[in-house]
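The values are calculated or read from the model by the stated rules, or taken from the named source; none is laboratory data. Here the structure is a predicted model, which is why all the values come from computation and not from measurement. With ideal geometry, Cβ positions are generated from the backbone for all residues, glycine too; neighbour counts draw on all protein chains shown. Keep in mind that these areas ignore ligands, DNA and RNA; they rest on the heavy atoms of the full protein, side chains included. Shrake-Rupley method; radii C 1.70, N 1.55, O 1.52, S 1.80 Å.
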Amino acid sequence: KEILIKTQADLERLSESKGEITGLATGWYDFDRITTGLHPNEFIIIAARPAMGKSAFAMNIAINAAANNVKDTGEPISVALFSLEMSQEQIVQRMTAAQARVNLTNIQKGTLTQKEMLLVESANDDLAALNVYFCDQGTVTVADIRAKCRKQKASGGLDLVISDYLQLINGSSKGGNRQEEVGNISRS
């Protein structure tokens, strides 16, 4: 009975919003239309062949979600990004390049023009205003992710968690094949 009452209240709230996006907007129109945004307790896996841009897409979602969504209180949302392949510096360089619309190689080599340097500085100001938290610990387990998320939720709030990428999370099971282990990680 309690769940029915809560579900009815949610339905009434959604009908008042009159929008296609009822969760967190990602800034990707088609993705948002299909998913109606990112909602609490959802687990979405983005899968594709290697070098198709999954990490860039995940970082873009993190930036857009943090920049374009606010809580009911008016505060900006908080996003945790677990990157198991890149350091925080590499992530920020990629985010800066995307935000400034500057070639990442120019940032990495330090060969920015004066105009590009101004774009990077402006992008860094924009990014600094976002509540995006990074974890670049190379080896991480589901328990580590849970613990860090609980700590972040308690200290500054947490509205979205992105993990890049699933196959690099250490499983807790001994034996068995990797497919079963990734399945267990997903369920956890």
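Can we say GLN99 is surrounded by fewer than 17 Cβ atoms within 10 Å (Cβ to Cβ) and part of a helix (DSSP H, G or I)? Taking the combined requirement at face value, the residue does not satisfy it. Among all positions in region 81-93, there is at least one residue which is of a type outside the set (Gly, Ala, Ser), closer than 20 Å to ASN131 by Cβ, open to solvent by 40 Å² or more (accessible area, probe 1.4 Å) and touching a helix residue (DSSP H, G or I) at 6+ places or on another chain (Cβ under 6 Å). Scanning region 86-102 for residues that are within 11 Å of MET59 (Cα to Cα) and β-branched (Val, Ile, Thr) gives ILE91, VAL92, THR96.
Let me confirm something: among THR111, THR105, which residue is part of a helix (DSSP H, G or I), at pLDDT 90 or above and over 29 Å from HIS39 (Cβ atoms)?
On the way: THR111 fails: part of a helix (DSSP H, G or I).
After ruling out the rest, the residue left standing is THR105.
Taking the criterion of being among the hydrophobic types (A, V, I, L, M, F, W, C), closer than 21 Å to ARG150 by Cβ and part of a loop (DSSP other than H, G, I, E, B), the residues of region 52-91 that qualify are ILE77, LEU84. Looking across region 1-39 at every residue that is assigned to a loop (DSSP other than H, G, I, E, B) and without any contact (Cβ under 8 Å) to a residue 12 or more places away in the chain, the one that is least open to solvent (accessible area, probe 1.4 Å) is identified as GLY19.
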